[in-house]
Amino acid sequence: MKGVILAAGYGTRFLPVTKTIPKEMLPLVDKPSIDFIIEEFLGSGIEEILVVTSRRKKALEDYLDREIELESIFGAQGAQSRLETIRPPRAGIFFVRQQEMLGTGHALMTTRPFVGEDPFVVAYPDDLHIGEVPLAKQLIDVYKRTGCSVLATVFDPPEVHRYGTIAIAEDGLHVTRLVEKAPPGSEPSREASLGRFLYTPEIFPALEAGWKKHDPSGGEYFHTDAVNTLAARGKVVFRRWEGERLDTGKPDGFFRSILRYAQSVPELKEVYDRFVAEQGGEPGRS
């Protein structure tokens, strides 16, 4: 099983900081968003990871590389704990650039040389997971039982019409259709497809067939039609997200995610609780 992180986008909702800093490097206190995804992958047994970037994202490559100067300084000081904080992930990390921002469907096509004939988990770094069982592993477990592509879903999120929602087969497992941003009240279900997907290599012919028909003047090319091609063949299932979702796609959600993450770290929770108490609130409540 391989992993793919889609990180080529502009991050315009976070301007001006994302003018020079990749959104995936924005930290939840001291931990960049991309670290949450990599840890999730490693905890799921995924040790080969491709990051789809763009020319403005070289900081991601630097961050996931070794930092020789600091290693030398910390080594001389015997500061083992600091060395651990800068150690690169124990995984094979690869990069490919999406040279034009042509949508997620196009970004997925750039991964084919890396993926080959393996199934792979795709992560959108706007959606971070906190939970006992890593989200990628949840999808992998379903794939092992079904052999199908797997969509991660959340039931009835706020403003569900803002998401892709799925039509569910009578067996309660298979997806018959994925509808992007259905008009309010017309969603096929309350199950919203969010930022994790496990695809089999069958997705690539479907993506390429759709790309041939795509008119670039009509906007970006997304993955939805390819997913629906597989769904029509009974090759797509879903797995409801187990655990907590941190939505970092917009500044308000990112701020909430910082607060929630801080509550999960004992030394930060102490500061958080003290601050809330000083403001007349109740410690321990989000």
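The values are calculated or read from the model by the stated rules, or taken from the named source; none is laboratory data. Being a predicted model, the structure only gives us computed values, none of them experimental. When we count neighbours, we look across all protein chains shown, and the Cβ atoms used for this are built from the backbone with ideal geometry, even at glycine.
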Residues in the range 222-246 that are within 15 Å of residue 179 (Cα to Cα) and aromatic (Phe, Trp, Tyr) total 2
Okay, strands (runs of 3 or more DSSP E) sitting entirely in the range 189-269 with 1 or more residues that are in contact with a Pro (Cβ under 7 Å, 6 or more places away or on another chain) and surrounded by 14 or more Cβ atoms within 10 Å (Cβ to Cβ), I get 191-199
Note on the range 113-133: residues under 22 Å from residue 209 (Cβ atoms) and either exposed (fewer than 15 other Cβ atoms within 10 Å of the Cβ) or outside the structural domain of residue 11 (by TED's automatic domain parsing) (or both) are 113, 116, 117, 118
Residue set 172, 164; condition outside the structural domain of residue 229 (by TED's automatic domain parsing), at positive phi and not basic (Lys, Arg); output residue 172
Considering only strands (runs of 3 or more DSSP E) wholly within the range 1-100, the ones with at least 3 residues that are crowded, with 18+ Cβ neighbours inside 10 Å are 2-6, 48-53
(request) Kindly indicate whether any position in the range 57-66 is at pLDDT 85 or above, closer than 24 Å to residue 5 by Cβ and touching a Lys or Arg at 6+ places or on another chain (Cβ under 9 Å). (result) yes
Filtering the range 158-188 down to residues that are of a type outside the set (A, V, I, L, M, F, W, C) and buried (at least 17 other Cβ atoms within 10 Å of the Cβ) yields 163, 164, 165, 174, 177, 187
Counting only residues that are under 22 Å from the mean Cα position of the chain (by Cα) and closer than 13 Å to residue 231 by Cα, the range 148-172 contains a total of 5
Checklist line | Some residue of the range 135-145 being assigned to a strand (DSSP E or B), at pLDDT 95 or above, surrounded by 22 or more Cβ atoms within 10 Å (Cβ to Cβ) and assigned by TED's automatic domain parsing to the domain that holds residue 7 | finding: no
Going through the range 32-51 in order, the residues found to be under 12 Å from the mean Cα position of the chain (by Cα), within 26 Å of residue 20 (Cα to Cα) and not charged (D, E, K, R) are 33, 34, 36, 37, 38, 51
When the range 9-34 is checked residue by residue, the ones that are closer than 24 Å to residue 120 by Cβ and either modelled with pLDDT of 95 or more or touching a helix residue (DSSP H, G or I) at 6+ places or on another chain (Cβ under 6 Å) (or both) are 11, 22, 23, 24, 25, 32, 33, 34
Residue 75 vs (1) under 17 Å from the mean Cα position of the chain (by Cα); (2) among the small types (Gly, Ala, Ser); (3) over 30 Å from residue 131 (Cα atoms): all pass except (1)
Taking the range 158-172 and the residues there that are touching a residue at least 60 places away in the same chain (Cβ under 8 Å) and in contact with a Lys or Arg (Cβ under 8 Å, 6 or more places away or on another chain), the one that is farthest from residue 189 (Cα to Cα) would be 164
When (1) closer than 25 Å to residue 40 by Cα; (2) over 16 Å from the mean Cα position of the chain (by Cα); (3) assigned to a strand (DSSP E or B) are applied to residue 177, the one that fails is (1)
